[in-house]
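Have a look at the structure below, then the notes.
The numbers here are math on the coordinates, done by the rules we state, and not lab data. Note that the structure is predicted; figures quoted are calculated from it, not measured. Reconstructed Cβ throughout: ideal geometry from the backbone, glycine too, with neighbour counts over all protein chains shown.
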Amino acid sequence: MGGRHALSRWVAGYARGVERWNERIELVRGDITTLEVDAIVNAANPALSGGGGVDGAIHRAAGPELLAECRTLGRCPTGEARITRGYRLAAKHVIHAVGPVWRGGASGEAELLASAYRHSLRLACEVSARSVAFPAISTGVYGYPIELATQIAVREVVSFVRAHPVPEKVVLCCFSERDRAVYERTLQSIDAGT
Ligand code: AR6
């Protein structure tokens, strides 16, 4: 089966709720704190102080040592990321990425979100993480429209994976079925454009 066709073939029923888009990228609906990957990405704030959403879930699951380590790191500018241990998580590392707050789209949000994905992937590479999972950064409390954010997330992950052998696997983890469907459509449209 050649190029385009092979890439767009979804492997269904691969593991509960997981779809494999290609050898390196998977889409899953669920709670990122339960994933058995080398690193999970957190949608953090610049103070790295914990919060609601996926940040709250990760801190609860990792335990208080995670916040203690975050406190040693200082602030993280929007568009960058910092790495800590995973403590009680199955994941060995947590990559705290700070996405932009959505202010209508004319305040550099797209570039800042792309940068948060790239920084996170570079950190995963630096610690030789074989697998890394991302939530839909900025699309909750920070209000980034899911369709626009997903285009950036998918574009950055696809181009990083094409250019680097590590991480071997990137998991895109959506919390809702609606978000998962947006990711699926976006992956398919990017595939169709290659
Ligand atoms: N697993 C996977 N995804 C999740 C989970 C989970 N357990 N919980 C929520 N999501 P958000 P942001 C999804 O608000 O928009 C925090 O207070 C959620 O459905 O967590 O970047 C921080 O401290 C959404 O799709 O992050 C910051 O202050 C996505 O994760 C601020 O929120 C991101 O939503 C960051 O806002």
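If you add up the charges near Ala153, with Lys and Arg at +1 and Asp and Glu at -1, over every other residue whose beta carbon is less than 14 angstrom from its beta carbon, what do you get?
Once positives and negatives cancel, what remains is -3.
Could you please report the charge total around Ala90, scoring K, R as +1 and D, E as -1 over all other residues with beta-carbon less than 11 angstrom from its beta-carbon? Before the final figure, lay out the partial values.
Working: positive: Arg88, Lys92; negative: Glu36, Asp38.
Every neighbour counted, the sum reads 0.
Taking Leu67, Leu27, Leu121 as the candidate residues, the one with maximal mean-square fluctuation in a Gaussian network model of the chain, Cα springs under 10 Å, is Leu67. For Cys174, nonlocal amide neighbours, meaning residues 5 or more places apart or on other chains whose placed amide H falls under 5 Å from its own, are Val28, Arg29, Gly30.
Stokes-Einstein, applied to the Kirkwood radius of the stretch 103-194 over Cα pairs at a viscosity of 1.306 mPa s and 10 °C, places its translational diffusion at 117 µm² s⁻¹.
Only Cα pairs within less than 10 Å get springs; with that Gaussian network setup on the chain, which residue of His93, His119, His164 has the largest fluctuation? Answer for the Gaussian network model of the chain: His164.
For the chain, the share of DSSP beta bridges that are antiparallel, to the nearest 5, is 40%.
The distance linking the stretch 155-174 with the stretch 53-96 is 21 Å (Cα centroid to Cα centroid, whole angstrom). Backbone phi angles across the stretch 117-131, fed through the Karplus curve with coefficients 6.51, -1.76 and 1.60 (θ = phi - 60°), yield HN-Hα couplings of 5, 5, 4, 5, 5, 5, 5, 4, 4, 4, 9, 6, 5, 7, 9 Hz in residue order; Gly and Pro are listed as x.
Size descriptors for the chain, from the alpha-carbon set: Rg then Dmax equal 15.7, 51 Å. Full extension of the chain between Arg130 and Ala106 yields a length gain of 5.1 nm, computed as 0.36 nm times the residue separation minus the alpha carbon distance.
Relative contact order of the stretch 68-146, please, whole-number percent, based on alpha carbon pairs below 8 angstrom and at least 6 residues apart. Spell out each step's value before the answer.
Values: 99 pairs, mean separation 23.6, N = 79.
The value is 30 percent.
When only C-alpha pairs under 8 Å and at least 6 residues apart count, what is the relative contact order of the chain, in percent? It would help to have the intermediate numbers written out before the result.
Values: 383 pairs, mean separation 49.8, N = 194.
It comes to 26 percent, rounded to a whole number.
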